[in-house]
Structure formats: C-alpha cells, structure tokens
1. Between residue 20 and residue 34, 0.36 nm times their residue separation minus their Cα-Cα distance comes to what?
2. Can you tell me the order of 57-69, 132-144 when each peptide is scored by its average per-residue count of other Cβ atoms within 10 angstrom, highest first?
3. Quick check: residue separation of residue 53 and residue 138 times 0.36 nm, minus the Cα distance between them. What number comes out in nm?
4. With +1 on each Lys and Arg Cβ and -1 on each Asp and Glu Cβ, how big is the dipole of the stretch 6-117 about its Cα centre, in debye rounded to the nearest 20?
Amino acid sequence: MQNAHLLPLNDLPPDGRRLTVADASLWDGNLREFHMDCRVEQPLKIELHILPVEDGYLVRGELTGSVILPCNRCAEDVHIRLDSRFEEFEEVPAGDDADAGQPGDSHILLDKGVPMLDLAALSWEEFVLALPMTPLCREDCKGLCPQCGANLNAAACHCVRDEGDPRLAALRGLSLQKDWTEKK
Ligand SMILES: [Zn+2]
Ligand SMILES: [Zn+2]
C-alpha cells in the first residue's frame, strides 16, 4: 500500500518534474491512526516541483486545502485554510541498496539503487507543519468555564471565580515568595 506513494526519481529531466499530490488516503490514514480531531473540509493538495541537484533533490511545494479543528479553548469548530509553501533539500541516503527505508530527515529511500521519494511521509509532515499550534475560534475566545463548562463566548455563567484569575495567581505567587525571603 505504501509503495503506491513512492515516486521514482531516476531519469528526472534537468528542469525537474512537476506533479500534484491529491490522494486523500495520504492524509486520511494518518488522521485516523493518530486519532487527530481534524476533519478535512476542502481536499488537501500539494503542488510539487522536484529538481535534481547535487547529492539530492530540491523539493518545492505548496500545500492547499482547509480543515476543521477544535478551538483550543472552547472546542468549537475552527475552519482553517491551509496555504503553505515549503522548500526542502532531500538528500539521497548513502549506503547500499539493502539499507532501504532509512530514517532521518530525508524522505528519499533507495530501492535497488533507485532513489524514491516517499510522498506519504512528505505530505504528512508538510500537513502537520502547516497546522496552527493552537487553533482559536477567535483571537479573544473566552473558553469554557472551568467549573460549569459553559461556553463563555455565548454567555457569562454565574460561577464565582476568585481562584481562576491568572493575574491574581501571579500576585499571590509574588507575595508568597516575598514572605519566604523575609523569613530567611
Ligand atoms: Zn474558542
Ligand atoms: Zn461557570
């Protein structure tokens, strides 16, 4: 199954090869396997340009599509447009043919001496890099009340939150530290 995503890189023309990677199974399998709470909204697509250079290949690409992720604070859907460009040098691994499947930075492995680009690994890595670290439904999302679970963007709840204010916690920390120093 994986072999379907290995692209032979021998006999590339000097000005390289362009191709479009849009096979949904490249991403869907990993999304399920890693139980990622991420739904693909507009199909993911990578436009690739692979250029042969000394000792390897220059891989340029642009990833587009859109996904839905849960907001980091309130867990509501966040629609995220992906449009990221990347450029990577892919080194041809050293070593004999028996040593295929080489780990490390390179997405190239050797199959009987033929360098093969692992499109599945490359696509997944670029996809993960393109995702926001902390998706937010909006910049000032108020999140959920830690006590009653109400979505505070919709309405304020009636819980008393004297412990929850991080600014107060920081002040308490400071005064504690001061007392402690004075006692010494
Ligand atoms: Zn939110
Ligand atoms: Zn509450």
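Bear in mind that the values in this text are calculations on the coordinates, not laboratory data. Treat the numbers as computed from the prediction; the structure is a model and nothing was measured. Glycine also receives a Cβ, built like all others from the backbone with ideal geometry; neighbour counts cover every protein chain displayed.
1. Going from the current span to full extension adds 2.6 nm.
2. 57-69, 132-144
3. Values: separation 85, 0.36 × 85 = 30.60 nm, distance 4.33 nm.
Between residue 53 and residue 138, full extension yields 26.3 nm more.
4. Details: 10 positive and 23 negative charges, 105 e Å.
Dipole size: approximately 500 debye.
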